[in-house]
Each structure stands twice: as C-alpha cells, then as structure tokens.
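The values are calculated or read from the model by the stated rules, or taken from the named source; none is laboratory data. Owing to the predicted nature of the structure, the values given are computational and were not obtained by experimental measurement. Positions of Cβ are generated from backbone atoms using ideal geometry, with glycine treated the same way; all protein chains shown enter the neighbour counts.
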Amino acid sequence: MNENSDNVRFFRKFSDFFRELLKNTLENEGLKKYGANTLWLFLEQFLRLVLSTLIGIWVIRYLQPENYGALSYVVAFNQIAYTFSRFGLDGLVVREIIRNESVQFKILGTSFWIRFLGSFIIFLLFIPISYFVSTDFELFLFITLLNFGLMLQSFDVVDFYYLSKVQAKYISIRKLIQLFLISIFKIYLILAKANLFWFVFSYFLDSVSLALFSLMIYKSQKLPSFFKFSLFDVKIAKSIMKDAFPLFLAGVLNIIQAKVDQIIILKFLSKEELGYYSSAMRLIEFFGFIPMIVYWSFYTSVERTKVYAKEKFEGRLRDLYRLMTIAFIFTGLPIFFFGKKIIIFLYGSTYEPAGILFSLLSFRLFFTYFGVIRGIYLLTENLIWFSTFTVFLGAISNVLFNIIFLPSYGAVGAIISFAISLTITIFLVDIIYQKTRHNIKIMFEGIITFFRFESLKSKN
C-alpha cells in the first residue's frame, strides 16, 4: 500500500511540475521566445537522431561487419580531428556576440579564421598520424578525405550568430533539409549496391553540405560578410582562445576517451570485430539524448537553487540522480537482458556476435547518465579544471587498459577498459577529492531512493 502511495505521489509531482512549467511558458513572452528557440533545436536534434539511426541500421545491415568496421574506424578518426578543429569555441563565441553586439561580425570573422586556419593545421598534422596508425593505405586515404572537409566546416560558425539572436529556426530548417537530402543519398547508395568508398564520401558530403547550407541561408538574408581576412582581430582572437582552452582540452579528452577504443580495436583485432563492436555502440549512443535533455532542462533550475535557495540544492540534485536511475532501469536493463535478440532483429543473424557486446555496453549508459548530472554539480561548484583533470585521467586509463585487455579479451576488453576508466573519472576521484566527496553521497542517496522525489514542485 505504501509503495502504491509513493508511486501516485511521484506521478502527481511529476505532472504538477510540467503543468506549472507549461503555464509559466505560455504566460511569459520571454519564455515563449526562448521556448520556441529550444523547440526548434530539439526538433532538429530529435529528427536527426531518429532518422540517422534508422538509416544507420540499414547501412550496417548492407555493409556487413568487415566493411562497417572499416567505416567506423575512419569516422572515429575524423571525429577526433573534428573536435580538435572546433577549439572549444561554440558557447564562448555565442556569449561574446551577445555581450559585444557592436563588433559581432568582427567576432564572427575572427572565429571563422581561427577555425579555418586551425582546421588546416589539424588536417596537416593528422596526415602522418593516420598514415602510421592505419592498418592499410585505403583507410588512410578515407581518413584524409574526411579530414579535408574540416576546413570547409569552418563556415558553420554561422550557427553562432543565429544562436546569439535566439533564431534557432534558421539553423534547424536548413539542417533538416540537409538531413533529408543526405538520407536519400544514403538510401540510393544501398539500393545501387555501392562500395565502401561512397559511404565514406557520404560522410564527407554530410559535413560539408551542412556548412555550405549555413552559408547559403546567411547570405540570402543579406547579412555582412564575415569571412574577409580583414575582420580577423588579434585581440579578440587571444581573448577567445584563452577562455576556450579549458573547454577545448575537455572536449578533446572526452572524444579520445569515447572513440579511442574503436581505433585500438582495429590495431589489435580485425575490421570484422570492430564492426560488431561499432554496431552495438551505434545503438547505445542513441540513448545519449536522454541525459542531455535532462541537463538542458534542469541545469538552470539547479543553478538557481544554488544561488537563491541553497537548502533545496541538494534535494534538486538528488532528484536528478533519481531520474537517471529510473532512466537506466527502463533503458539499460532491457538492453542487458535482451541485447542479443535486439541485435539479431535489427541487424540480422550475421551480427549475432555483437549481441553479447550490446548487452555489456548497457552499463555504459549507467556511467553516461550519472556523468552528465555530475557535470552539473561540478559546474555549479565552479570545479571546471578539476573536471578536466578527471577526464584526462579517464582518457589515459582507457588507452592503457585497452592495450592491456584487448589482446586477451577481444572487444569485451574494450568494454572492461571503458568501465574502469569511467569508474575512475566519475566515482573514485570524487571519493578521494574532498570537495566532491559530498556529491558521491548525494548520488548514492539518489540511487537508493530512486522511487521518491523531493523538489519537483519547487518554483525556485
């Protein structure tokens, strides 16, 4: 009886919370504007996630494990290079444009040239790296092709302008158009029985067309040109790069921790084994949107309680850990128990060896969900450099443990390595460090009492 009462109270609090949120949004003009902006961003991200996953499943079935393993290797390498080329500018440039509208196009131009020149340097640096690391010359050529697109992707700094003006619809509309066109192209490749090169080229076309679509919309509105070199301002560049460095470092370490396993697997094992691992990872990554929605929905709420209602801060944070526990129960546990059946249903019997990997990778969701909420805590406590340090430990330990476990345990060794590295990053270091030890206490309280919420009805 008490358990049923707790469940009723939980759902009542949950519905009251969203009813209050909806009411406030509809009655407040400012919230309407930002709400519409957020809705456009969410709609684009959701449709991209769903459509790319559905097309991705079809591509995986068509390519088969060996070819898909090769494609995954090339894309993982490119994603690491892409993260380097962004230099952590995203949020900072938006902030600077908002704060300094009188020189907004100079800021945009400076950001473009930082990206463009930086991407050119990254492209050159990754040529020898990919040549010596790649297992064959064809993979090296594919990586070089994708990395060449980094320079053209510099034009997507246009997004910074529209985000600063709360005009996300301009970003979202062109991304949705581009998404449907690229999806049609990939479907055509499958029906035409194209070889691996054309699927690599589709990734190149995807990234480049996205940036060029941005430029087309920007130019169609007759806005001032931002890519003249005369707009590059050394003072602005120094200021942005100085502030961006911690974000750049954290971003690079995060992508290395997330993608390095796919590179090392091919070094020690085979394209086929990487194909099994990457196909399982593709489905796991689908659920990454869950903690990010929670992050963007509740970060402001947690920050406000930290500033204006400290007595409610712990309760709000504990509730988020409870929410992530529930998310894992409804996503991670079904994957763990039914992973093999899901893989065979989606990919076919050829991918049956990926079933056990998919089941074991379900625990990656546990670390991902709790890692995002931990990030909220670290940000509100201004522990940014500590956060970067823990990611550094995680990235280094992931590389080392992969080298140790992969030869003996195969792709399962990569899962073990990642689990150990995230245990170090999210739990072990926080237990040792005095300023974060309290967060561990709040986290475990949230896990143990996931069925009870404290502060959803609070208006702070």
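Just a few scattered comments:
- Residue in the stretch 357-376 that is of a type in the set (Val, Ile, Thr), in a helix (DSSP H, G or I), farther than 24 Å from Tyr433 by Cβ and out of contact with any Ser or Thr (no Cβ under 7 Å at 6 or more places or on another chain) present: no
- For the residues Leu71, Leu92, the requirement of being assigned by TED's automatic domain parsing to the domain that holds Leu223, under 30 Å from Leu253 (Cβ atoms), surrounded by 13 or more Cβ atoms within 10 Å (Cβ to Cβ) and at pLDDT below 85 singles out Leu92.
- Residue check for Ala280: surrounded by 19 or more Cβ atoms within 10 Å (Cβ to Cβ) and either touching a strand residue (DSSP E or B) at 6+ places or on another chain (Cβ under 8 Å) or in a helix (DSSP H, G or I) (or both): yes
- Any hit, the stretch 250-257, residues being more than 14 Å from the chain's Cα centre (by Cα) and not assigned by TED's automatic domain parsing to the domain that holds Phe401: no
- Residue among Ile217, Ile171, Ile187 that alone is hydrophobic (A, V, I, L, M, F, W, C), in a helix (DSSP H, G or I), modelled with pLDDT under 85 and surrounded by fewer than 20 Cβ atoms within 10 Å (Cβ to Cβ): Ile217
- Filter pass, Thr110 being closer than 22 Å to Leu196 by Cβ, among the hydroxyl-bearing types (Ser, Thr, Tyr) and in the same structural domain as Lys165 (by TED's automatic domain parsing): no
- When residues of the stretch 322-356 are limited to those that are part of a helix (DSSP H, G or I) and charged (D, E, K, R), the one surrounded by the most Cβ atoms within 10 Å (Cβ to Cβ): Arg322
- Residue in the stretch 131-149 that is under 23 Å from Phe213 (Cβ atoms), among the aromatic types (Phe, Trp, Tyr), touching a residue at least 40 places away in the same chain (Cβ under 8 Å) and touching a Leu at 6+ places or on another chain (Cβ under 8 Å) present: no
- Restricting attention to the stretch 267-276 and to residues that are out of contact with any Gly (no Cβ under 7 Å at 6 or more places or on another chain) and surrounded by fewer than 22 Cβ atoms within 10 Å (Cβ to Cβ), the residue that is nearest to Ile404 (Cα to Cα) turns out to be Phe268.
- Residue among Ile236, Ile264, Ile171, Ile187 that is β-branched (Val, Ile, Thr), in contact (Cβ under 8 Å) with a residue 12 or more places away in the chain, on the phi < 0 side of the Ramachandran plot and outside the structural domain of Ile60 (by TED's automatic domain parsing): Ile264
- Verdict on Leu125 being at pLDDT below 80, in a helix (DSSP H, G or I) and not β-branched (Val, Ile, Thr): no
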